[in-house]
Amino acid sequence: MTLLSSRSALICIVLATITLSPYGALGYPEPAIVSPSWSLKFEFNEPRPIAVKTLKDTIQWYWYMPYKVVNLTGKDRLFIPEITIATDSGQIITAGRDVPPAVFNLIKEQLQNPLLESPIEIVGKILQGEDYAREGAAIWPAFGEDVDEFTVFFAGHSGENATVQNPVTKQNVLMRRTNMRRFSAPGNHPNPEAQPVILIEQTDVMR
């Protein structure tokens with residue numbers, strides 16, 4: 001098995017354990033076809049790289065993924081986005097962690113979007129209607145190794161959840177409806193600006 005095949009197999013195994021049906025070995029639920037709870041309308045743009053000059057006059061690369069959420073649920077909602085990135089090599093990254101504020105400022109300037117809110121500013125109440133849409137960006141440090149695939153998990157857009165028992169610890173675990181977007185990043189490009197990123201799957205899972 002090639003290295004690429006091994007990595008693809010690994011991420012498939014990870015995603016399979018996340019999305020097992022109620023009759024699977026771990027008993028994980030699947031999201032409802034029609035959610036019984038509220039759900040925000042949201043849009044994503046593709047992940048893109050950005051270079052930031054550090055205080056030591058070196059270049060540090062980051063990835064960011066702009067998004068927009070609209071509340072059409074008929075009631076004001078508390079919006080707390082939780083965004084995680086998983087690579088095919090097993091790396092787990094929490095968006096916003098280890099990201100200096102200067103990175104967001106540069107992204108806002110590059111996008112020329114005065115409505116863009118930082119990962120801290122966007123947390124809070126989201127009012128109803130298109131006029132009160134909120135725009136943010138998931139930001140994370142560039143991958144420290146060659147990555148062929150990565151998956152972005154976005155939670156906080158829905159009130160649907162379920163409690164399951166961890167089969168190992170026997171503790172109850174709260175799972176939330178989470179949007180999953182899997183991307184292919186073919187080739188080995190030292191310069192992130194040359195790295196193609198292709199959406200290959202998107203769905204909702206319970207995570």
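The values are calculated or read from the model by the stated rules, or taken from the named source; none is laboratory data. Being a predicted model, the structure only gives us computed values, none of them experimental. With ideal geometry, Cβ positions are generated from the backbone for all residues, glycine too; neighbour counts draw on all protein chains shown.
Side notes on the structure shown:
- Of the numbered criteria (1) in contact with a Phe, Trp or Tyr (Cβ under 9 Å, 6 or more places away or on another chain); (2) in contact (Cβ under 8 Å) with a residue 24 or more places away in the chain, the one residue 204 fails is (1).
- Qualifying positions in segment 157-183 - more than 23 Å from residue 136 (Cα to Cα) and within 22 Å of the chain's Cα centre (by Cα): 161, 162, 163, 173, 174, 175
- Considering segment 116-165, the residues that are polar (S, T, N, Q) and in contact with a Lys or Arg (Cβ under 6 Å, 6 or more places away or on another chain) include one that is modelled with the lowest pLDDT, namely 161.
- Considering only residues in segment 131-147 that are surrounded by 19 or more Cβ atoms within 10 Å (Cβ to Cβ) and over 15 Å from the mean Cα position of the chain (by Cα), the one that is farthest from residue 198 (Cα to Cα) turns out to be 134.
- The single residue among 138, 162 that is under 22 Å from residue 191 (Cα atoms) and of a type outside the set (Phe, Trp, Tyr) turns out to be 138.
- Condition met for residue 97 (of a type in the set (D, E, K, R) and under 21 Å from residue 150 (Cα atoms)): yes
- Members of segment 122-146 that are closer than 15 Å to residue 65 by Cβ and of a type in the set (A, V, I, L, M, F, W, C): 122, 137, 138, 139, 140, 142, 143
- So residue 52, is it hydrophobic (A, V, I, L, M, F, W, C), surrounded by 15 or more Cβ atoms within 10 Å (Cβ to Cβ) and in contact with a helix residue (DSSP H, G or I) (Cβ under 6 Å, 6 or more places away or on another chain): yes
- Top-ranked residue in segment 171-190 [being assigned to a strand (DSSP E or B) and polar (S, T, N, Q); ranked as nearest to residue 148 (Cα to Cα)]: 184
- Taking the criterion of being among the acidic types (Asp, Glu) and modelled with pLDDT of 95 or more, the residues of segment 52-94 that qualify are 76, 82.
- Residue match in segment 154-167 (condition: touching a residue at least 24 places away in the same chain (Cβ under 8 Å), in contact with an Asp or Glu (Cβ under 7 Å, 6 or more places away or on another chain) and within 27 Å of residue 79 (Cα to Cα)): yes
- Here the condition is being more than 30 Å from residue 190 (Cβ to Cβ), among the hydrophobic types (A, V, I, L, M, F, W, C) and out of contact with any Gly (no Cβ under 7 Å at 6 or more places or on another chain); of 107, 93, 85, 126, it holds for 126 alone.
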